[in-house]
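Below is one structure, written out as structure tokens, with a few remarks after it.
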Amino acid sequence: MKKARLKLLHGLIYFLFILFAILIILPLIWMVITGFKTNKELFLSPFALPRKWEWENYVNAWNSGIGMYLKNSLLVTVISTLLSTSLSCFAAYPLSRLHFKSKRFWVYLIMGGLMLAPQSSLISLYKMINWVHLLDTQLALEVVNAVFRIPFATFLIMTFYKGISYSLDESAYIDGARTGQIFCRIILPLSKPIIASCSIISFRAVWNELMFANVLLQSSSKKTVPLGLINMQGMTTTNWTEVIAGTVIASVPLIIAFLLMQKQFVRGLTAGSVKG
Amino acid sequence: MEKKNKKTIVMYLAPAMVMIIVFLYVPIIINFINSLFNWGALSPKRSFVGVTNYTKMFNDGVFWTAIRNNFIFVVLSLICQIGVSLIIAALLEEQFMRRLQNIFRTIYFIPSLMMATVVGIVFKMIYSPTLGLVNPFLEAVGIDTSKIDLLGNSSSAIYAITVMSQWQYIGYMVILFVVAIQNIPEDLYEAAAIDGAGTVKRFLKITLPQLKDTIIVNAIIILTGAIRVFDEVFVTTKGGPGTSTETLATYLYRVGFKNDQMGYASAVAFVIFIITFILGLFQMKSYQLEEE
């Protein structure tokens, strides 16, 4: 009797989980299908399958800008990620494994950086960048994006460096290795997992970034994907199904990357969020 | 040796620190100074007004609407992304779910891989009464939808946006909690099983207390995120209809970059800074808590 009730309960929970899964998937399926429809079909029957599967929307979306936006986004994201991760790798080293007087101050500076919301610097950064005549350049966006990733990346890498056994560099010291050599030959190779995690966190953040891109970039040829999509959506004669096709194309890269590297992703994101 | 070390330290630290100081800390200070002036990016006039921008802000109805909307975002996000996610994660870790855990986990997680911009554009259409999915569905279950326009009515818009954000991020938090639960020592559960503790009791007596730190840290992250929220609103309603969905960040954007009242916008930015800074202090505290 009790067992039967338990079975029923489990069945009910399964049912709810499946219902929730449907709720999650439905908009995604709708996106992909809508991308194949004509505008007319969308207005007439939002639920129905397209009468003819139109690849055209995807091709048009790609040609009307998504291809270019993807290229821009990739460039900005890769450069920002490389910049922030490498600078953080360097900065974290003395902060975690060397001793010097002002260390505490710099650690606090990093930790303090974790608390600063990009929103509160938006206007001053805009002004500063305008002042050095770097408005509407990808360089400005790359630097700004990188800077906001540094505190967290440094913090994560610091924590990781601290966990590496000190006996390793002591024996290297005795062998006459210099600090730089210890860093390059011992610490860095051991840190691959945390570097991968940091890169994934940073990549995802920069890839999605809209606010700064929106304020800093003006010319259409420089825009990143989020900004480009808003552009497409805002046009006077919006071709809705084409915009949707664009959003599908924009979503595919990260989802594929996730499906291929689930383990690294989960490790990266949990490193990122369980600790901030 | 000492001297050489000093040089290395400077070389390693300087690039990151210079960037942080110049692009993170200095802008905050400049922002505060800016908030004491009336100025615009387009006009050359700039006059000192003291704290006028702040007094104006506290008497500005839209500012309080923004605070209220951020608050709605905070509360609903905490309920869904801490409460619901935690329950989902705990159930996924139950024996009878193990077989399908991976499939559910992956499906729930996928929306969080999409850009908030994409989700915004898609939901803007899904919510639309003319070409969306929600209204026909409600009609199918017998609800009169003639007055329902989720993003178009000022009373429902902010909730529609918040729900969309939960759709996107619940699965993300589920994964974080699943991983955290997996890190709880198995023998705690075994001991409880010997004592005859049921599922609910095990959750309350072991899982919850063991996850305390994770929950606190995640809650602070969600809080900070909800204070900063910009993309979701900007893409779907731009703060409208009227000013009903304005949040602090979108209001700051509108006032500064659309109305060119940069001084006033700086004051709003400073409020965001203060709120996130206070939350950040708690976050720091919880990190130290973890390191002990």
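The values are calculated or read from the model by the stated rules, or taken from the named source; none is laboratory data. Just so you know, these numbers come straight off a predicted model, no measurement behind them. Note that each Cβ is placed from the backbone with ideal geometry, even for glycine, and that neighbours are counted across all protein chains shown.
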Query raised in the report: Within segment B:112-201, which helices (runs of 4 or more DSSP H) (wholly inside it) include 3 or more residues that are within 14 Å of another protein chain (Cβ to nearest Cβ)?
Result: B:116-127, B:134-140, B:157-182
Query raised in the report: Quick check: is even one residue across segment A:134-150 surrounded by fewer than 22 Cβ atoms within 10 Å (Cβ to Cβ), touching an Asp or Glu at 6+ places or on another chain (Cβ under 9 Å) and assigned to a helix (DSSP H, G or I)?
Result: no
Report task. Output the residues belonging to segment B:116-161 that are farther than 24 Å from residue A:226 by Cβ and in contact (Cβ under 8 Å) with a residue 40 or more places away in the chain. Result -> B:153, B:154, B:155
Query raised in the report: Do we find that residue A:67 is at negative phi, of a type outside the set (S, T, N, Q), within 12 Å of chain B (Cβ to nearest Cβ) and part of a helix (DSSP H, G or I) in this structure?
Result: no
Query raised in the report: Could you count how many residues in segment A:96-129 are facing chain B (nearest Cβ under 7 Å) and within 13 Å of residue A:158 (Cα to Cα)?
Result: 3
Query raised in the report: Looking at this structure, is residue B:96 closer than 30 Å to residue B:181 by Cβ, part of a helix (DSSP H, G or I), over 30 Å from the mean Cα position of the chain (by Cα) and within 10 Å of another protein chain (Cβ to nearest Cβ)?
Result: yes
Report task. Test each condition in (1) over 12 Å from the mean Cα position of the chain (by Cα); (2) within 11 Å of chain B (Cβ to nearest Cβ); (3) crowded, with 21+ Cβ neighbours inside 10 Å for residue A:269 and report the one that comes out false. Result -> (1)
Query - Hits in segment B:73-85 (condition: surrounded by 24 or more Cβ atoms within 10 Å (Cβ to Cβ) and either at the interface with chain A (Cβ under 9 Å from one of its Cβ atoms) or not small (Gly, Ala, Ser) (or both)) - result: B:73, B:81
Report summary line: Residue set A:266, A:252, A:248; condition part of a helix (DSSP H, G or I), modelled with pLDDT of 80 or more, assigned by TED's automatic domain parsing to the domain that holds residue A:205 and within 24 Å of residue B:233 (Cβ to Cβ); output residue A:248
Requested in this report: Of the numbered conditions (1) crowded, with 18+ Cβ neighbours inside 10 Å; (2) over 21 Å from residue B:29 (Cα atoms); (3) free of Cβ contacts under 8 Å to residues at least 60 places away in the same chain, residue B:224 fails exactly one; give the number of that condition.
Outcome: (2)
Report summary line: Of the residues in segment A:92-111 that are closer than 30 Å to residue A:214 by Cα and in contact (Cβ under 8 Å) with a residue 12 or more places away in the chain, the one that is surrounded by the fewest Cβ atoms within 10 Å (Cβ to Cβ) is A:111
Query - Residue among A:46, A:27 that alone is within 11 Å of chain B (Cβ to nearest Cβ), assigned to a loop (DSSP other than H, G, I, E, B) and not polar (S, T, N, Q) - result: A:46
